[in-house]
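Below is one structure, written out as structure tokens, with a few remarks after it.
The values are calculated or read from the model by the stated rules, or taken from the named source; none is laboratory data. Keep in mind it's a predicted model, so treat the numbers as computed, not measured. Because the Cβ atoms are built from the backbone with ideal geometry, glycine has one as well, and the counts that use them run over all protein chains shown. With ligands, DNA and RNA removed, areas are computed over all heavy atoms of the protein, side chains included. Shrake-Rupley method; radii C 1.70, N 1.55, O 1.52, S 1.80 Å.
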Amino acid sequence: KAIEEAVARLKSERTDAQVLAREAFDVSIGGRTYTVRVLSFRESKAFRAVLDGAIKNAMRLLPRTTDTSEIHLAELIGQVMGWLAGPGLDELVELMIAYCPEMRERRDAILDAREDEVQAAALRFLEFQFPLLKAAATRAMALMGGAAATTSTGGAAR
């Protein structure tokens, strides 16, 4: 429910143009407002180090097969969603803290804040940092709702 509310809030607060332009935004966590802005390359070094670890962890979810006919999209998305609800969310929050200098200084206060505030802020950060991810997630959800939940290359050339 908190995620649905955060997504609705995102849609009402920022236009797609603002999202794609990566304009700075304010987020409130634990009664304090933080401004998330685009950092310089030097400023984002700590973030990139944490991002590297998070990507490696996320890649472990992908099947170890070269036969794409064996990949079940619904199962894969289920694994990803489960990861995002647990360790992935923790990693996303750590990414947000690593990215925002103000948040790094107040890490403990952020981690002690209400869960719904932290989740909402993390989702806003995710959209800010990876603006095309929303489009990819929307496409993945559309695919999940489609008739074929299994990808297949069999017969494509016939």
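The figures follow:
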| item | result |
| --- | --- |
| Positions within the stretch 123-141 being modelled with pLDDT under 75, open to solvent by 60 Å² or more (accessible area, probe 1.4 Å) and of a type outside the set (Lys, Arg), in sequence order | LEU132, LEU133, ALA135, THR138, MET141 |
| Scope the stretch 96-122; condition touching a residue at least 24 places away in the same chain (Cβ under 8 Å) and surrounded by fewer than 20 Cβ atoms within 10 Å (Cβ to Cβ); matching residues | PRO101, GLU102, ARG104, ARG106, ALA109, ASP112, ALA113, ARG114, GLU115, ASP116, GLU117, GLN119 |
